[in-house]
Structures are given as structure tokens and as C-alpha cells.
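S.K.: The structure is given below, and queries will be raised subsequently.
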Amino acid sequence: MNLKIFNNRLSAENVLNDQVAINTFMNSVDVKNTTAQFIPGNPDYWSILVFFEENNGTQTKPKEKTPAITEDDLTIDEATIFSALKLWRKDRATEINLPEFMVCHNATLLFIAKEKPKDLVELSKIKGMGDQKIATYGNDIIAILNAF
């Protein structure tokens, strides 16, 4: 297993670029675990540890391939679901004091909105939804999907 450390600075001029770098990296590897710690300073930042394995085509549990999906690929109904998932993620991240991307990446939420898994088993086939995320957030996500 490998480890990479990111510092997500909260200053307005850096936060977007830092989040894009983290998301790009996390979409290119098989993420096993993440942890984050808020570091007060000048500027304040989140220190994020990503435990990963190189994405060499083999995974411990089968996952469906996640094609690149953008908001432009969503139907109106899927875009509504995506918006609801983003709102849930924002509220959840605030509640547990984590950056939003640590709860769930946009790419994962886009794929969930597109695929609309019916249960936790189907949800577990989506890249980015490992056992820990399913245990922590799976029922919330399925409840949101069932509302549509």
C-alpha cells in the first residue's frame, strides 16, 4: 500500500486548485482509505492522507468501470438527483467537519446520479464507494435516490 499527503489550503486563491489536484489523483488510483486533519495556520488547511494502490487493473473486489461523466451527460432528472446528492454531501461534510470531497467526490456522485443504484450491493459496485463509505453513507445515498 502507498501513501500520499495533500494539503488543501482554505484560502480563496488556492482551495479550488488544491481540490482539483486531490480529486484528479484519487480518480487515478485505487483508494483504500483516507484521513484528514484540520491544521490552523496562515493559511488554514486540511492535511489529507490517502492510502492507495496503483490502479493496475486488479482490484480486491469487482467494481464496475466508471466512465468519465460530466454534468452535461446528465438528463434533467439525473441533474436533479446530482444536485440533491451535492446538497446532502455539503450538509454531511459540515456536520462531521470534513471537506466535501472527503465525504464523496463529484465523479462518484455523478456516476451515482447516472446509475441510480437500488440498494447497497449495487452502490458498492461504483468506483469510490468502498466498504467504509457504504457503511457510513450508503443508507443516506439510497434514501436520496429512493426519493426520486
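The values are calculated or read from the model by the stated rules, or taken from the named source; none is laboratory data. No experiment lies behind these values; they were computed from the predicted model shown. Quick reminder, even Gly has a Cβ in these numbers, built from the backbone with ideal geometry, and neighbours come from all protein chains shown. Just the protein is used for accessible areas: all its heavy atoms, side chains included, with ligands, DNA and RNA removed. Shrake-Rupley method; radii C 1.70, N 1.55, O 1.52, S 1.80 Å.
S.K.: Taking a cut-off of 18 Å between Cα atoms, list the aspartates and glutamates near K118, but don't count ones fewer than 8 places away on the same chain.
M.R.: Reachable aspartates and glutamates: E64, D77, E78, D131, D140.
S.K.: Counting only heavy atoms of the protein chains, get the accessible area per residue of the chain (1.4 Å probe) and round it to a whole Å² value.
M.R.: On the way: 8730 Å² over 148 residues.
Accessible area per residue, the chain: 59 Å².
S.K.: Go through K4/K116; K86/K127; K86/K114; K32/K127 and tell me which ones have a Cα-Cα distance over 20 Å in this structure.
M.R.: K4/K116
S.K.: In the chain, carbon and sulfur make up what percent of the accessible area (probe 1.4 Å)?
M.R.: Carbon and sulfur: 51 percent of the exposed surface of the chain.
S.K.: Tell me the accessible surface of E71 in square angstrom (1.4 angstrom probe, heavy atoms of protein chains only), to the nearest ten.
M.R.: We get 110 Å² for E71.
S.K.: Semi-axes of the equivalent ellipsoid for the chain, please: Cα gyration tensor eigenvalues, times 5, square-rooted, ordered largest first, whole Å. Please report the intermediate quantities before stating the final value.
M.R.: Values: eigenvalues 121, 72, 41 Å².
In descending order the semi-axes read 25, 19, 14 Å.
S.K.: Report the net charge of residues surrounding L49, where surrounding means a beta-carbon distance below 12 angstrom and charges are Lys +1, Arg +1, Asp -1, Glu -1.
M.R.: After counting each charged neighbour, the total is +2.
S.K.: How large is the dipole of the chain about the Cα centre if only Lys and Arg carry +1 and Asp and Glu carry -1, each at its Cβ, rounded to the nearest 20 debye? If you can, show how the numbers build up before the last one.
M.R.: Numbers: 16 positive and 20 negative charges, 64 e Å.
Approximately 300 debye in magnitude.
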